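Chemist: Here you go, one structure.
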Amino acid sequence: MSEFSHIDNKTVKANMVDVSNKPDNIRIATAEGFINLSSETVKQIEENNMKKGDVLSISEFAGIMAAKKTSELIPLCHQLNLTKVYVNASLVDKGVRIEAMSKCIGQTGVEMEALTAVSVGLLTIYDMCKAIDKNMSIESIKLLSKTKK
């Protein structure tokens, strides 16, 4: 059996990894995802005619807010002091692409924050468009990069 950092191998219980011995580094992560929409939904977003408001701006705000709450959503995720979160939602052919970047100076990475920002941003679009688009699909949420300096 391979060893996992988040599982105590003696008791097989969940374990928050101790990062106190790791140095502070500048950590940056980027992630992206896509929601497939009907052409009519894309048109309504483009013309800013959705009843719930400006879909792209609201999804970006939701992503930023979600990144800040990641440790409350993911059980073994460390609480981080984020120094920057950037979320960009853009209309593309057949849907919306969201890219997010999270940054901190800390002892552990920020990839979960970037992935959470993308996921919640896409879920926000789903929520805002569900009344007119019954065939939406969220796809290809993935980490693009993570660095530490």
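Chemist: Taking a 32 Å limit on the Cα-Cα distance, which of the listed pairs LYS84/LYS130; LYS13/LYS134; LYS94/LYS148; LYS52/LYS146; LYS68/LYS149; LYS69/LYS94 fall beyond it?
Modeler: LYS13/LYS134; LYS94/LYS148; LYS52/LYS146
Chemist: I need the phi-derived Karplus couplings for segment 139-149: 6.51 cos²θ - 1.76 cosθ + 1.60, θ = phi - 60°, integer Hz, Gly and Pro marked x.
Modeler: Karplus values, whole Hz, x for Gly and Pro: 9, 6, 6, 8, 7, 8, 6, 8, 9, 9, 10.
Chemist: Residue by residue through segment 28-43, what is 3J(HN,Hα) from phi via Karplus (6.51 cos²θ - 1.76 cosθ + 1.60, θ = phi - 60°)? Round to whole Hz and write x for glycine and proline.
Modeler: 9, 9, 10, 9, 8, x, 9, 10, 7, 10, 5, 4, 5, 5, 4, 4
Chemist: Now for a separate question. In sequence order, what are the phi-derived ³J(HN,Hα) couplings for segment 77-83 according to the Karplus relation 6.51 cos²θ - 1.76 cosθ + 1.60 with θ = phi - 60°, rounded to whole Hz, with x for glycine and proline?
Modeler: 7, 6, 6, 10, 8, 5, 9
Chemist: To the nearest 10 degrees, how steep is helix 55-68 against the longest Cα principal axis of the chain, on a 0 to 90 scale?
Modeler: That works out to roughly 10 degrees.
Chemist: Local charge sum around GLU40 (other residues, Cβ-Cβ under 13 Å, Lys/Arg +1, Asp/Glu -1)?
Modeler: Counting the neighbours of GLU40, the net charge comes to 0.
Chemist: Give the Rg (one decimal place) followed by the Dmax (whole number) of the chain, computed from C-alpha coordinates and expressed in Å.
Modeler: Expressed in Å, the Cα Rg and Dmax of the chain come to 17.5, 58.
Chemist: On C-alpha positions alone, give me the angle between the axis of helix 111-129 and the longest principal axis of the chain, in degrees, nearest 10.
Modeler: 20 degrees
Chemist: Moving on to the next point. Dividing the convex hull volume of the alpha carbon atoms of segment 60-112 by its residue count, what do you get in Å³ per residue?
Modeler: 81 Å³
Chemist: Order these peptides, 14-27, 42-55, by their mean beta-carbon neighbour count within 10 angstrom, highest first.
Modeler: Order by mean packing, descending: 42-55, 14-27.
Bear in mind that the values in this text are calculations on the coordinates, not laboratory data. Nothing here was measured: the structure is a model prediction, and the numbers come from that model. Because the Cβ atoms are built from the backbone with ideal geometry, glycine has one as well, and the counts that use them run over all protein chains shown.
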